[in-house]
Amino acid sequence: MTPFRRRRDGRVSASFQPAEAQLLLSLAEEAVELARAAAATENGETDPALRRLLPDAYPDDPEASAEFRRFTAAGLADRKERNARVLMDSLAAPSDHAVRVVLDEDQASAWLRTITDVRLVLASRLGIHEDGDEGHIHDEESAMQRAVYDWLAGVQELLVLALRP
């Protein structure tokens, strides 16, 4: 990845290697699927990743949480999907060459929200609950998930820094 940089026109740009672009695309696609699944579930959902994407508004009041979810879940899932689609559209179809993205402020915000959603899901699957947690790394898959989690943190930080005035 070539880090995000602010351009003279106020937009930010970066380049991603083909494998990085493909990874971002697949993670964004998964974020859309998970947001839809989270919106479709009942209050008693047992998948912590889905609960982390659309948490209960009233953890101590299941009835109020269910009512709140009934009115808000579809709209939240729609917004998460729109954010992920912005990321996917800006990457276009990865090729054998680096993929350059140029983002305006709204697109960059959508990227940040999508990366946050993906990192929340990964954190949930790894058992990361707060800063400083290492998570449960017990096999190759969890080690890879942790590497992706950390890489996304770097992408997110570089994007935030590039957006600073």
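The values are calculated or read from the model by the stated rules, or taken from the named source; none is laboratory data. Everything numeric in this text was worked out from a predicted model, so none of it was measured. Backbone-built Cβ (ideal geometry, glycine too); neighbour counts: all protein chains shown. Just the protein is used for accessible areas: all its heavy atoms, side chains included, with ligands, DNA and RNA removed. Shrake-Rupley method; radii C 1.70, N 1.55, O 1.52, S 1.80 Å.
In the chain, which helices (entire DSSP H runs) extend 18 Å or more along their own long axis, judged by Cα positions, while averaging at least 0.0 on the Kyte-Doolittle scale?
18-40, 105-126, 140-163
Could you work out the pair-distance distribution P(r) of segment 1-128 from its alpha-carbon pairs, with 10 angstrom bin width and percents rounded to whole numbers?
13, 38, 29, 15, 5, 0
Quantify, in whole percent, the carbon and sulfur part of the accessible surface of the chain (1.4 Å probe; protein heavy atoms only). The partial results should precede the final answer.
Values: 4800 of 9570 Å².
Of all accessible area on the chain, carbon and sulfur atoms account for 50 percent.
Label-point separation (nm) for A66 and A19, each offset 7 Å from Cα along Cα-to-Cβ?
Here the modelled spin labels are 4.8 nm apart.
Give me the percent relative contact order of segment 77-119, please, defined on Cα pairs under 8 angstrom at least 6 residues apart. Intermediate results must be reported in sequence, preceding the final value.
On the way: 23 pairs, mean separation 22.7, N = 43.
Across segment 77-119, relative contact order equals 53 percent.
Using the heavy atoms of the protein chains and a 1.4 angstrom probe, tell me the accessible area per residue for the chain in square angstrom.
Working: 9570 Å² over 165 residues.
Heavy-atom accessible area per residue stands at 58 Å².
How large is the dipole of the chain about the Cα centre if only Lys and Arg carry +1 and Asp and Glu carry -1, each at its Cβ, rounded to the nearest 20 debye? If you can, show how the numbers build up before the last one.
On the way: 20 positive and 30 negative charges, 202 e Å.
Computed about the Cα centre, the dipole is about 960 debye.
Towards the positive end of the charge dipole of segment 1-90, with charges on Cβ (+1 Lys, Arg; -1 Asp, Glu), say which of L76, L23, S90 has the farthest Cα.
About the Cα centre, the residue reaching furthest to the positive side is S90.
Placing +1 at every Lys and Arg Cβ and -1 at every Asp and Glu Cβ, with all other atoms neutral, what dipole size does segment 84-165 have around its Cα centre, in debye to the nearest 20? Write out the running numbers ahead of the final one.
On the way: 7 positive and 15 negative charges, 53 e Å.
Charge dipole of segment 84-165: 260 debye, to the nearest 20.
Jot down the radius of gyration and Dmax of segment 1-67, Cα atoms only, both in angstrom.
Rg, Dmax (Cα atoms, Å): 18.1, 51.
How far apart, in nanometres, would the label points at T2 and R36 be if each is projected 7 angstrom from Cα along the Cα-to-Cβ direction?
3.5 nm
Between segment 21-90 and segment 96-165, how far is it from one alpha carbon centroid to the other, in angstrom?
17 Å
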